[in-house]
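First comes the structure, then the notes that go with it.
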Amino acid sequence: MKKVTGIGGIFFKCNDPAKVREWYKTHLGFDTNDYGASFGWKETLDSNKDGSTQWSPFPENTKYFEPSTKEFMINYTVADLEALVVELKKEGVTILDEIETYDYGKFVHILDIEGNKIELWEPMG
């Protein structure tokens, strides 16, 4: 079973997300919005499929990365989230929540062996 298909996002804590977004926009040309920036790309195995990677600064006091105490969280794209969660449960991986579905995909959060929170995302379409 293919598990992770790519990096869907990089999220990190900072003192002032608005200033950080503006700095990256001004100095590195990021096309930012209130959520950060999204970088589009094409799937290697099927160039007809679009993909994206989200870059998002979060306030340093965000609770979104908990229970991890790290300053970052990585989002990985997956092909079949429901099947992967079943497999991860069998392997004893800590699943932090239930799969949630939005119009842009399905999400669940897990912990790696060192307690880093990981977001798994199955994009829609």
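The values are calculated or read from the model by the stated rules, or taken from the named source; none is laboratory data. Please read all numbers here as calculations on a predicted model, not as lab measurements. As a convention, Cβ positions derive from the backbone with ideal geometry for all residues, glycine included, and neighbour counts pool all protein chains shown. Ligands, DNA and RNA are stripped out before the accessible areas are found, and what is left, the full protein with its side chains, is counted by its heavy atoms. Shrake-Rupley method; radii C 1.70, N 1.55, O 1.52, S 1.80 Å.
Give the shape of region 43-108 as rounded, prolate or oblate, defined through the alpha-carbon gyration tensor: a ≥ b ≥ c are the square roots of its eigenvalues, a/c under 1.5 means rounded, and otherwise the shape is prolate if a/b is larger than b/c and oblate if not. Taking the square roots of the gyration eigenvalues as a ≥ b ≥ c, region 43-108 is oblate.
When shorter helices are ignored and each DSSP H run of at least 4 residues is given -39500 (n - 2.57), the per-residue value for the chain at 222 nm works out to -5500 deg cm²/dmol. Diffusion of region 74-125 by Stokes-Einstein, at 20 °C in a medium of 1.002 mPa s and with Rh set to the Kirkwood radius over alpha-carbon pairs, works out to 193 µm²/s. Computed over protein heavy atoms with a 1.4 Å probe, the carbon and sulfur contribution to the accessible area of the chain reaches 52%.
Amide hydrogen proximity for Lys49: with H placed 1.01 Å from N in the peptide plane, the residues at 5 or more positions away or on another chain lying under 5 Å are Glu43. Exceedance of the 20 Å cut-off in Cα-Cα distance is limited, within the set Lys25/Lys63; Lys70/Lys106; Lys13/Lys106; Lys63/Lys117; Lys13/Lys117, to Lys25/Lys63; Lys70/Lys106; Lys13/Lys106. Put simply, when 96-104, 37-45, 80-88, 5-13 are sorted by average Cβ atoms within 10 angstrom per residue, most first, you get 5-13, 80-88, 37-45, 96-104.
Relative to the longest principal axis of the Cα atoms of the chain, helix 81-90 runs at roughly 60 degrees. The value of relative contact order for region 1-56, using C-alpha pairs under 8 Å at least six residues apart, is 37 percent.
Considering the chain, its Cα convex hull presents a mean projected area of 8.5 nm².
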